[in-house]
1. Mean projection of the alpha-carbon convex hull of the stretch 145-281 over all orientations, in nm²?
2. Considering the Cα trace of the stretch 44-90, what is its radius of gyration and what is Dmax, both in angstroms?
3. Once you place label points 7 Å from the Cα toward the Cβ at residue 389 and residue 474, how far apart are they in nm?
4. Semi-axes of the equivalent ellipsoid of the chain: what are they in whole Å, largest first, if each equals the square root of 5 times a C-alpha gyration tensor eigenvalue?
5. Roughly speaking, what is the stretch gain from residue 30 to residue 85, that is 0.36 nm per residue apart minus the C-alpha to C-alpha distance, in nm to one decimal?
6. Over the Cα atoms, compute the radius of gyration (one decimal) and Dmax (the largest Cα-Cα distance, rounded to a whole number) for the stretch 42-140, in Å.
7. Pairwise over distinct Cα atoms, reciprocal of the mean inverse distance: report the Kirkwood radius of the stretch 330-456 in Å, one decimal place.
8. In the chain, what % of DSSP beta bridges are antiparallel (nearest 5)?
Amino acid sequence: MEGKRLRRTVWSMLRRAPWLRCRAQKNLWRLRARRAFKQRSQHIPRLLDRCNARRQKNNGPKHIVLIVVDSLRKENLSLYGYHRDTTPFLKSIADRAAVFANALAPSPWTYPSVATMLTGLYPHHHGGMHPNDPRNFDKEVPSRVDKNILSLPELLVALGFDSNLSSAITTAALPCIGWFKASRVVLSDVDDQLKEVLIWLKKNREKNTFLYLQLADLHPPLNPPEQYRDSFGKIADIPKLDVWEFRKDAMPRESDFELYRENREKLYDCTIRYVDVKLATFIKCLEEEGILDSSLVIITSDHGEEFWDHVETERKLFYDPRGFFGVGHGHNLFQEIINVPLMCIGPGVTAGCYNQNVSLVDLAPTVLDICGIEHELALDGRNLFECSDERVLISEGIAYGYEKKAVVHKNWKLIHSEGDGVSLLFDLYQDPKEKRNLAKINPEKVQELKGHLPRAEVKGETLKIDRDIKEQLRDLGYM
């Protein structure tokens with residue numbers, strides 16, 4: 001009884017002192033991750049022997065920096081032709097980078113998507129997604145990634161790399177517990193994160209390193225510094241612009257909704273501009289320190305964001321236990337949520353614009369190839385630079401509602417939900433915004449793409465989360 005009373009007193013103190021709570025969360029996560037890494041390390045030799053991994057050359061990149069900007073919508077980047085100049089820095093380095101125009105996230109939300117990036121396996125093969133149907137992440141947690149899977153950071157550490165995870169999103173770190181030697185999870189902005197990881201990179205410049213960095217600035221609540229808030233014109237003083245309004249009752253073409261939508265997206269674009277400025281500073285520091293030339297830098301997002309693009313379709317056809325339609329992520333598989341930005345720069349990268357369909361499932365095998373690591377892992381992904389449009393790509397593992405799976409082959413895309421009884425077919429070349437469902441006039445193509453749906457799923461173990469993690473998830477708008 002005394003122990004429970006003490007814990008309640010401590011939590012009450014932490015809520016009243018945000019700076020103390022932040023420090024406590026940071027230290028708790030480090031201890032949790034260190035303990036998990038120690039336990040996990042005991043099994044690495046066995047997993048490593050099974051895949052026969054070895055590094056055949058040492059002339060690849062010395063440092064691997066994977067930057068994931070959470071909730072970054074590709075359509076809103078000037079790098080890809082957006083009308084606002086949201087990413088002048090990313091655009092300025094595009095001529096010496098590999099820029100992928102058609103990269104798909106393997107899932108519409110963070111947890112399964114990050115697990116896929118770091119394993120090279122789709123969610124139905126790594127097991128890190130919700131086991132029940134329908135799903136509701138506000139009330140239940142997903143399963144753990146299968147313990148017999150060897151992750152990219154674990155393999156790299158076993159072959160002589162040091163590793164570090166820095167995340168401002170708790171859901172990005174949850175599937176990775178035990179995979180990294182060092183781990184930092186604290187809700188902070190891009191400026192704080194980049195300063196801290198830069199210190200780590202400089203300290204370890206002579207080692208081989210793998211840095212995974214997940215930025216949270218574009219995940220609600222949006223809070224760019226004041227000097228960036230009006231980057232694209234004055235933002236109206238409207239309540240709840242930093243989170244989401246009109247989640248249940250959006251009525252397109254009504255004046256109050258349209259005013260909110262215009263200003264909400266403008267605030268989002270200002271935040272992108274802020275992140276772009278900080279990424280420019282970070283890359284410049286790497287260059288000045290002599291680290292950039294020996295670094296493979298990958299910039300992407302785990303998923304995009306919907307701004308009521310398909311609100312009427314979702315309200316009509318799909319079930320969501322929250323009653324929300326048309327906003328955010330995790331609930332559907334339309335292009336605004338799963339077509340993500342992706343660019344790579346550094347040793348082993350052939351600069352240019354790549355238009356073939358690729359997936360974030362390809363990141364792990366690409367890193368392994370560029371680093372000269374041979375292995376016998378059975379991965380779903382391929383080297384990004386060896387992909388062709390002949391392959392079929394999958395996106396799956398939603399967080400809300402009945403499970404949906406997307407199948408993409410060349411110009412065709414199927415979104416199928418068994419629980420909702422819905423199959424939507426789109427020709428992405430002719431209809432990139434997915435407004436015209438062709439399922440009824442082309443049933444043969446629907447059946448063909450259905451043939452590529454996963455027939456079985458790996459069932460991961462139950463993920464246990466403590467009170468501290470639940471508090472962090474609530475700060476992000478979950479649970």
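Bear in mind that the values in this text are calculations on the coordinates, not laboratory data. Nothing here was measured: the structure is a model prediction, and the numbers come from that model. Methodologically, a virtual Cβ is constructed for each residue, glycine included, from the backbone with ideal geometry; neighbour enumeration extends over all protein chains shown.
1. Approximately 10.9 nm², given one-decimal rounding.
2. Taking only Cα atoms of the stretch 44-90, I get Rg and Dmax of 19.0, 52 Å.
3. About 5.0 nm, to one decimal.
4. Largest first, the chain gives 31, 28, 25 Å.
5. Full extension from residue 30 to residue 85 adds 16.0 nm.
6. Every Cα atom of the stretch 42-140 included, Rg and Dmax give 18.4, 52 Å.
7. 16.1 Å
8. 50 percent
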